[in-house]
Amino acid sequence: MTEAIDYRPMWNELGLDLEKHDALLGVLGQVYTDIYLSQKNRPDGMSYFDFVMSEVHGLRIKELVDAKAAGKIVVGSFCVFVPEELVLAANGVNVGLCAGADFGTEHAERYLPRNTCALIKSFFGFSLEKVCPYLESCDLVVGENTCDGKKKSYEIFRDIIKGEFIALDMPNTKSSEGREVLKRAYLDLVASLERVSGKAITVDSLKAGIDTVNKKRTAMHRLAKLRRANPAPISGLDALLANQVFFYDDPERFTDSVNKLCDEIEQRIEKKAGIVPATTPRIVISGCPMAVPNWKLPSIIESAGAIVVGEESCIGERGTQNLVSAEGASVDELIDNLVDRYLTIDCAVFTPNRTRAEHALQIAKDAKADGVIHYALQFCAPYQIEAPLLERSMEESGLPVLRIDTDYSQEDVEQLRTRVEAFIEQIRR
Ligand code: BJ8
């Protein structure tokens, strides 16, 4: 039997509040056991993701510490508009920062109005309570001026974290001017990355970064396609977990693990070995991103007897869609390629944003969904206001929609369960 490693000296060194961090890990471990490990008939390939989650504040953080000792930089972000390709090209490790749990909310509300979305309060809470080892490992944190909530809260956040912070100036339209704004933001990011890492981004290093991330996204496209089989070969919760781990893990190891999982899923499909019967109501979720450990809604949906077969979300197909071309003879041309790909992300902060509804509909059709659940965090104006537009286009295509507005607390779980169960009864075939 291998002896458990004591990570406390490392956490202490990073400046974590060990007592609060223990409390957080205790809750997370229990929630993970209740929601994930209680599922039946999971693919064997999910054991890798279980391992990653069991070591999410342990081994992975040790890897970051070791990478820093070997001369790499750690770069944290909160949005899929921050290109991992550039971070890799600058000899960096890219990590998504903790923003999916109700932690330190009261502390966060000393800095932010109560009517701020849970995602923003969460990253404030994690930072103020000193419980996010990813944040504490960062040499550079990259924010982005997307929604007003993030844009304004970053003005405060930059002063409460210990690492360096920059905010990318983001466009809110996809016009040619918008394209220029995004390109300028990426050029600014290149300058910051080069300064912090002391390494110049070259054509070769950027092409290598593009190749690594393209492979990672291609693996996720494969998983997104396979999970649409009927009977569904993998739970929505497990597919969501792979989408969440996308933001934390070593990219090559992650790609390899997703491809192995997909090989296994292909065999399941061949044998028609579903995780649930073929008659199970099929749901697509569309809306705000669900960062670890935000599993509330999918767990309610799946425990109510339906299966989630796709996510139109940044932690899902909105975030992973499309690849970046590696054709180009200069860094500038490659950055144009990045802008081309990243501008296809249908975030609700853009106006207009019609392609999001089209994309969501396409996912629902391809996945042969029986209904769509629109998920918005309370006080997230971009997604809440876009919800009726999306609902209309779904319903015109004959797809019933349930709109859910919620946060990270557990207070509304029973009420949500009742609404979700009624929706599932309505769409049951
Ligand atoms: S590209 S969705 S990851 S900005 S939930 S903080 S929008 S008030 S997270 Fe997002 Fe990038 Fe867009 Fe995706 Fe604001 Fe809404 Fe809160 Fe949000």
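The values are calculated or read from the model by the stated rules, or taken from the named source; none is laboratory data. Computed from a predicted model, the values in this text were never measured in an experiment. All Cβ positions, even for glycine, are placed from backbone atoms using ideal geometry, and neighbour counts span all protein chains on display. In case anyone asks, the SASA skips ligands and DNA or RNA and just uses the protein heavy atoms, side chains included. Shrake-Rupley method; radii C 1.70, N 1.55, O 1.52, S 1.80 Å.
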Qualifying residue in region 353-370 (condition: among the charged types (D, E, K, R) and closer than 27 Å to Y248 by Cα): yes
Test: residue in region 179-193 that is in contact with a Gly (Cβ under 9 Å, 6 or more places away or on another chain) and within 16 Å of the ligand (Cβ to nearest atom): no
Residues of region 14-26 classified as open to solvent by 60 Å² or more (accessible area, probe 1.4 Å) and free of Cβ contacts under 8 Å to residues at least 24 places away in the same chain, total: 2
Verdict on Y154 being within 19 Å of A101 (Cα to Cα), hydroxyl-bearing (S, T, Y) and without any contact (Cβ under 8 Å) to a residue 60 or more places away in the chain: yes
Every residue from region 83-108 that is farther than 29 Å from A23 by Cα, open to solvent by less than 10 Å² (accessible area, probe 1.4 Å) and assigned to a loop (DSSP other than H, G, I, E, B): P83, A90
The lone exception for E252 - which of (1) assigned to a loop (DSSP other than H, G, I, E, B); (2) modelled with pLDDT of 95 or more; (3) in contact with a Lys or Arg (Cβ under 9 Å, 6 or more places away or on another chain) it fails: (1)
Filter pass, T351 being over 19 Å from the mean Cα position of the chain (by Cα), at negative phi and either within 16 Å of the ligand (Cβ to nearest atom) or modelled with pLDDT of 95 or more (or both): yes
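Does D159 qualify as being in contact (Cβ under 8 Å) with a residue 24 or more places away in the chain, open to solvent by 80 Å² or more (accessible area, probe 1.4 Å) and closer than 26 Å to C380 by Cα?
For D159, the condition - in contact (Cβ under 8 Å) with a residue 24 or more places away in the chain, open to solvent by 80 Å² or more (accessible area, probe 1.4 Å) and closer than 26 Å to C380 by Cα - is not met.
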Selection within region 109-126 - within 16 Å of the ligand (Cβ to nearest atom) and either assigned to a loop (DSSP other than H, G, I, E, B) or surrounded by fewer than 23 Cβ atoms within 10 Å (Cβ to Cβ) (or both): E109, Y111, L112, P113, R114, N115, T116, C117
